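K.L.:
Here it is, the structure in full.
The values are calculated or read from the model by the stated rules, or taken from the named source; none is laboratory data. Quick caveat, the model's predicted, so the values are computed rather than measured. Neighbour counts run over all protein chains shown; Cβ positions are idealised from the backbone, glycine included. With ligands, DNA and RNA removed, areas are computed over all heavy atoms of the protein, side chains included. Shrake-Rupley method; radii C 1.70, N 1.55, O 1.52, S 1.80 Å.
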Amino acid sequence: MSSPTSTVDLKDASLLARLQDLVAASPVPEAAISEVLQVLQKARGYIDEEALRLAASLTGLSPVKVEELCTFYSLVLREPVGTHVLRICDSIACHMAGAQDILTQARQHSGVDLGEVSRSGKLTVIPHVCIGLCDRAPALMVDDQALGPVDTQTLTRLLAQLEADIWKPS
Amino acid sequence: MKHVFFLDGQEIPFIPGQNVLEAAIAAGKDQQIPYFCFHPALGSLGACRQCAVKIYAHDSKHPPRITMACLLPASDALQLATLEDDVHTEHREIIELLMTNHPLDCPVCDEGGQCHLQDMTVQTGHSVRHYSGPKRTYRNQDLGPLVYQEMNRCITCYRCVRFYQDAAQGEDFGVFGSRNRVSFGRLEDGPLESPFSGNLVEVCPTGVFTDKVFRHDYVRVWDLQQGPSVCPHCAVGCNTTPGARLGTLRRIRNRIRPEINGHFLCDRGRYAFPYVTANSRPLQPRLMGETTRQDAVLRQLASRLEEGRSGFLGSPREDLQSNLGLFALADCLHAPFAAVTSSWAEALAQQCLALPQAPSLQEVAAADRIVVIGDLDSIAPMAGFAVRQALRQGAALTVLASSRTELAQKGDYRPLRPSALRDQVAQLADDPCLQGGRFPVLLATAETLGPSGLYALRKTLEKLPANARAGAFVNRPNLFGAAYFAADGHTERLQQALRQRKINHLLCLGADPLGEDWGAGTWRTLAPGLDGLTLLDMVDSETARSAETLIPVAAFPERAGLFVNYEGRIQAFSPVYRREAQVLHSAVHGSGFPEAAGGVKHPLGPPPPLFWLGRLAEMLHLHEAWQKRLDFYLHFLCPERPDPEGPGVLLPDTIRARFEIAAVPAARAVTPEQWELDIFRWYGGETLADMADELHSLAPARGLRVHPNVQAAAATLHGPCGELRLPVIACAEMVQGVIAIDQEGFAELGLYPGDPVEVSWEQRQ
Ligand code: SF4
Ligand code: SF4
Ligand code: FES
Ligand code: FES
């Protein structure tokens, strides 16, 4: 659900209307929080302080509650990311199938720490909890696309495609 | 019928509804079942997996299996075992898992010596860590001056967040992250906002949250002198355990009292204690500003009293015996006595006392229809806590106040000016907000309602179903005790005697008639007629600074005494430690104290008021008569002396009935065009608490709180006794037409909550 960091204004009328519709369609306002965050993340690239507080006021949750949710779900981004986000599963099945090597390789390629934006601005590598592809371990997600099993060669190819902006989701 | 289950072959009694762990702890068997996430007041969660027991089914189909004691409802004849190898292994391995990331920092951890994690680790026999990888580390947050955080010590039992969010219903604390990267704290650094934040220190079973004030003057808990005491900072009278070392008070902890505070305290109760160690605290007798000897000050005072031109002023801030001692001395000398500083406060006390038996906080928590009048959290925070517990059980809450308080946000808020509030209270009997419930309860902040409002409350109560109850709260520990002698017109007679020059000397106990007490404006105009004022007190105040004679007294944890709380519950407290004070060596002579060995460090700090009063009675050759009267009053009020370890004793209803006929002064009429005053307080504010630096650093700014539609930068209020000029603070939550000021402001003006006031606004530049 990530997208390049953009700067859609939170006061944008159509964005606000969309968020309000989501809340209105929900049985209780609080229940709309995940969808509200998804829409906000799509629009902004990540959930910044302003977006967090907007989500809180729309749903009637306290900012602390919203942050609890954001930090629990690793799909929610609280920091800016690169053009593409690589989420590499490091839970048990993938760990057993060599996720650590994949993670190390991707991190080295990015040249920065996990979670940071590579110098080219193209890539952010994030370790991730089980994405439900244990049967295809080690697995990862490129933006919204799941991939697996991944070995060092497929990863090298993938990274090159991402850098060259020629990667296409299947 | 007696219910029991079996744990390792031993009978464990239980009450239906209890879980196995709860019953085992109650039976003193927690040595057999280690636990973390269960807390008697927060319930079970099943998160830590530490409380394993083995259950033997009574059939042939189910093999014995390990299960969590905190999630297993106790039932008759249940067969459980812990003294088996697989249970031991489970205990040891779970704690090893919980300890994976725990730092080896017990020697520098404030929790050491009182740490549940330490105890459980030793108890289960985990002593070698197999994990040798890097440990997870956190950046700690600065949570303000009261609570210290060291996140690396967390074992994720979730007690803190269950306390803060569920029990205390605070919104600025939460749990963040997932998996093994979970942390507990605020969204960003900054002081915790809940009036109950200090309880984190006690609910956390490890050293993540520790007492930041205790830290300043820390000792290991096994070196602390501790004892049963009662919180002196409001009328609830929560039970506390002060801890002292080398003659100074270091901290306050909760003492479990199910009827009142349960497992918790408010932050005022926990963090106000540094008034005892404040530099400004008087420790030596002072005569005309000069430090003097005890015998000299007593001689001077005795001769003053012999002249027969003294009046006596007690205080709801002082304990029952001291007030009675003062009253008895006044009685022996046929001198005028008042227990409170103004006729308004006297009427207020009488109306509080005339209310029928108030509900205990335990009962409040079981109410299903609650009306709160005024800002309860700011007067008696634990009463607000009890309301929150009732809300969790589905109680319907209605809040009548002149501003949207935190409690008001949790219920149905009715914004009202104080005058309208009084009218509304008179109508409450037929109000839908109290209909249809099983157990309706009304809780009022006495000052906001005023004497006539409290009278209306009593009348409303008479029209409600017989089980409906009401309680009135003040931020004084003993209004209900002091006021027994607030017979009609006492205060007025004392002031009259001064006006008519029948008296020219005032002996005050724990009062601040020239500073912030109710009616101080009047006292200030009378002060020129005084040829001397003597004050017995434990804190510095306006009155202490202008008193000719200042006599220091022992602080509450330094002496024994009795407080009567808002329910009329008489509770005893014991001396926990002896204050050490530097005194002039010669001052010891003739004081009745044994001489200190080895020089200037006198082992005894200031003596309690009763000591001084007894000595005075002796010097006036009235001791026998004084003692007799004192004993008589004491016996009259509490024939049965409460045990400091017990739940206290309730005043008999017959004693309350005397106040039902007290005169009720009418409230001053207010027109809708007039500005009306309400009182502004905050949960950490109170005379003694204001001397506690850390707590006081959180106090909101002083000012005139008004609705934001007022466009002024400052204003001057005009009252009969003086003027008050303060900056305007716009408060979105205030009702229009109301100005909220602090008690000092009222004292300055000579006005009372609900009074109309003249205002001159100063426009912004
Ligand atoms: S901070 Fe303390 S109370 Fe909170 S989860 Fe960790 S160990 Fe438990
Ligand atoms: S509610 Fe009152 S008595 Fe209880 S701890 Fe707080 S200040 Fe003390
Ligand atoms: S463990 Fe990696 S997808 Fe499930
Ligand atoms: S105390 Fe039972 S699982 Fe934590």
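K.L.:
Using the Karplus curve 6.51 cos²θ - 1.76 cosθ + 1.60 with θ = phi - 60°, work out ³J(HN,Hα) for each residue of the range B:523-537 in order, rounded to whole Hz, and write x for Gly and Pro.
P.N.:
4, 5, 6, 7, 3, x, x, 8, 9, x, 10, 10, 10, 9, 7
K.L.:
Of all DSSP beta bridges located in the protein assembly as shown, what percent are antiparallel, nearest 5?
P.N.:
Among the beta bridges of the protein assembly as shown, antiparallel pairing accounts for roughly 60 percent.
K.L.:
Additional query: Is there a quick way to get the dipole size of chain B? I mean about its Cα centre, with the Cβ of Lys and Arg at +1 and of Asp and Glu at -1; what is the value in debye to the nearest 20?
P.N.:
Using Cβ point charges on Lys, Arg, Asp and Glu, chain B gives about 400 debye.
K.L.:
How much length, in nm to one decimal, is gained on full extension between B:R725 and B:D631, taken as 0.36 nm per residue of separation minus their Cα-Cα distance?
P.N.:
29.0 nm
K.L.:
If the label point is 7 Å along Cα→Cβ of B:R668, which residues in the range B:695-727 have backbone nitrogen under 15 Å from it?
P.N.:
Only B:717-724 pass the distance filter.
K.L.:
Between the range B:436-509 and the range B:209-269, how many Å separate their Cα centres?
P.N.:
Their Cα centres are 29 Å away from one another.
K.L.:
Could you calculate the FRET efficiency of A:Y73 with A:V8 from 1/(1 + (r/R0)^6), where r is the beta carbon distance between them and R0 is 22 Å, rounded to 0.05?
P.N.:
0.55
K.L.:
Please enumerate, by chain and number, the aspartates and glutamates with C-alpha under 12 Å from the C-alpha of B:K2, excluding those fewer than 8 residues away in the same chain.
P.N.:
Result set, ordered by chain and number: B:E11, B:D76.
K.L.:
Please check which bits of the range B:170-210 a label hung off B:Q114 would reach, taking the label as a point 7 Å along Cα-to-C-beta and the cut-off as backbone N under 14 Å.
P.N.:
Counting only backbone N, you get B:198-210.
K.L.:
Give, in nm to one decimal, the length gained when the segment between B:E580 and B:E462 is fully stretched (0.36 nm per residue of separation minus the Cα-Cα distance).
P.N.:
37.3 nm
K.L.:
Could you go through the range B:335-346 in sequence order and give the Karplus-derived ³J(HN,Hα) for each residue, using 6.51 cos²θ - 1.76 cosθ + 1.60 with θ = phi - 60°, rounded to whole Hz, and x for Gly and Pro?
P.N.:
Whole-Hz 3J(HN,Hα) from phi for the range B:335-346: 9, x, 9, 9, 8, 9, 8, 8, 5, 4, 5, 5.
K.L.:
Once label points are set 7 Å from the Cα along Cα→Cβ at both A:I92 and B:A712, what is their separation, rounded to one decimal in nm?
P.N.:
In this crude spin-label approximation the distance works out to 6.9 nm.
K.L.:
Additional query: Over the range B:282-377, what is the relative contact order in whole percent, taking alpha-carbon pairs under 8 Å and six or more residues apart?
P.N.:
Reported as a whole number, the value is 18 percent.
K.L.:
So how much accessible area does A:H109 have, in Å² to the nearest 10, using a 1.4 Å probe?
P.N.:
80
K.L.:
OK, next. Could you list the square roots of 5 times each eigenvalue of the Cα gyration tensor of chain A, that is, the equivalent ellipsoid semi-axes, sorted largest first and rounded to whole Å?
P.N.:
Each semi-axis is the square root of five times an eigenvalue, giving 31, 18, 13 Å.
K.L.:
If I model a spin label as a point 7 Å beyond the Cα along the Cα-Cβ vector, how far apart are those points for B:T654 and B:R438 in nm?
P.N.:
3.5
K.L.:
Per the 1.4 Å probe, what fraction of the accessible area of the protein assembly as shown, in percent, lies on carbon and sulfur atoms?
P.N.:
Its accessible area is 53 percent carbon and sulfur atoms.
K.L.:
Compute for chains B and A the buried accessible surface, both sides summed, probe 1.4 Å, and express it in Å² to the nearest 100.
P.N.:
Its buried surface, counting both partners, is about 1000 Å².
K.L.:
Using the Cα centre of the protein assembly as shown as the reference point, and only Cβ charges (+1 on K/R, -1 on D/E), how large is the resulting charge dipole? Debye, rounded to the nearest 20.
P.N.:
440
K.L.:
Moving on. So for the range A:73-131, averaging the separation of alpha carbon pairs under 8 Å that are six or more residues apart and normalising by length, what relative contact order in percent results?
P.N.:
47
K.L.:
Find the cysteines in chain A that fail to meet the 4.7 Å Cβ criterion with every other cysteine, and list them.
P.N.:
By the Cβ distance rule, which asks for a partner under 4.7 Å, the isolated cysteines are A:C70, A:C130, A:C134.
K.L.:
Also: What do you get for trypsin sites (Lys or Arg not before Pro) in the range B:199-288 restricted to DSSP loop and a cutoff of at most 12 other Cβ within 10 Å of the site's Cβ?
P.N.:
Within the range B:199-288, the qualifying trypsin sites (Lys or Arg not before Pro) (loop, at most 12 other Cβ atoms within 10 Å) are B:R220.
K.L.:
Here is a further query. Quick check for me: using +1 on Lys/Arg Cβ and -1 on Asp/Glu Cβ, what's the dipole size of the range B:32-168 about its Cα centre, in debye to the nearest 20?
P.N.:
The calculated dipole for the range B:32-168 is roughly 340 debye.
K.L.:
Net charge near B:T448: determine it from the other residues with C-beta under 9 Å of the C-beta of B:T448, scoring Lys and Arg +1 and Asp and Glu -1.
P.N.:
Combined, the nearby Lys, Arg, Asp and Glu give -3.
K.L.:
Could you name the aspartates and glutamates whose alpha carbon sits less than 17 Å from that of A:K122, not counting residues in the same chain fewer than 8 places away?
P.N.:
A:E79, A:D113, A:D143, A:D144, A:E163, A:D165
K.L.:
Considering the dipole of the range A:21-170 built from charges on the beta carbon (Lys and Arg +1, Asp and Glu -1) around the Cα centre, which of A:G45, A:L133, A:L69 is farthest to its positive end?
P.N.:
Final value for the positive-end residue is A:L133.
K.L.:
Could I ask something else about it? To the nearest whole number, what is the average tally of beta carbon atoms from other chains within 10 Å of the beta carbons of peptide B:187-196?
P.N.:
1
K.L.:
To the nearest 10 Å², what's B:C433's accessible area with a 1.4 Å probe?
P.N.:
Here the residue's solvent-accessible area equals roughly 20 Å².
K.L.:
How far is the Cα center of the range B:98-139 from the Cα center of the range B:657-682, in Å?
P.N.:
The two parts, judged by their Cα centres, are 57 Å apart.
K.L.:
Pull out a ≥ b ≥ c, the square roots of the eigenvalues of the alpha-carbon gyration tensor of the range B:654-765, then state rounded if a/c is under 1.5, prolate if not and a/b is larger than b/c, and oblate in the remaining case.
P.N.:
Oblate.
K.L.:
Would you please give the FRET efficiency between B:A296 and B:E645, computed as 1/(1 + (r/R0)^6) with r the Cβ-Cβ distance and R0 = 41 Å, to the nearest 0.05?
P.N.:
Between B:A296 and B:E645 the formula returns 0.55.
K.L.:
Compute the distance from the alpha-carbon center of the range B:344-405 to that of the range B:5-70, in whole Å.
P.N.:
Each part's Cα centre sits 37 Å from the other's.
K.L.:
Find out how many positive minus negative residues lie around B:A572, taking Lys and Arg as positive, Asp and Glu as negative, among other residues whose Cβ is under 14 Å from that of B:A572.
P.N.:
+1
K.L.:
Using θ = phi - 60° and the Karplus curve 6.51 cos²θ - 1.76 cosθ + 1.60, what whole-Hz ³J(HN,Hα) does each residue of the range A:18-25 get, with Gly and Pro shown as x?
P.N.:
5, 5, 5, 4, 4, 5, 5, 7
K.L.:
For A:K65, give me every one of the lysines with a C-alpha distance below 24 angstrom, ignoring sequence neighbours fewer than eight places off in its own chain.
P.N.:
Filter leaves A:K11, A:K42, B:K410.
K.L.:
At 7 Å along the Cα-to-beta-carbon direction for both B:A732 and A:R119, put a label point, then send me their distance in nm to one decimal.
P.N.:
It is 4.6 nm.
K.L.:
Mind giving me the FRET efficiency for A:L16 and B:D8? R0 is 51 Å, r the Cβ-Cβ distance, nearest 0.05 is fine.
P.N.:
According to the calculation, E is roughly 0.20.
K.L.:
Using the heavy atoms of the protein chains alone and a 1.4 angstrom probe, what is the accessible area of the protein assembly as shown per residue in square angstrom?
P.N.:
So the protein assembly as shown comes to 40 Å² accessible per residue, rounded to a whole number.
K.L.:
Please sort by residue number the trypsin sites (Lys or Arg not before Pro) in the range B:467-523 whose DSSP state is loop and whose Cβ has at most 12 other Cβ atoms within 10 Å.
P.N.:
B:R501
K.L.:
At a probe radius of 1.4 Å, what is the per-residue accessible area of B:D517, in Å² to the nearest 10?
P.N.:
Probe radius 1.4 Å; accessible area of B:D517 about 20 Å².
K.L.:
Using amide H atoms built 1.01 Å from N in the peptide plane, name the residues 5+ places from B:L650, or on other chains, whose amide H lies under 5 Å from its own.
P.N.:
Residues meeting the criterion, in which the H sits 1.01 Å from N, are B:I570.
K.L.:
Using DSSP loop states and a limit of at most 13 other Cβ atoms within 10 Å to flag trypsin sites (Lys or Arg not before Pro), what is the longest stretch of chain A containing no flagged site?
P.N.:
That gives A:12-118 as the longest site-free run.
K.L.:
Need one value for B:173-183: mean number of C-beta atoms belonging to other chains within 10 Å of its residues' C-beta atoms.
P.N.:
What the average comes to for B:173-183 is 4.
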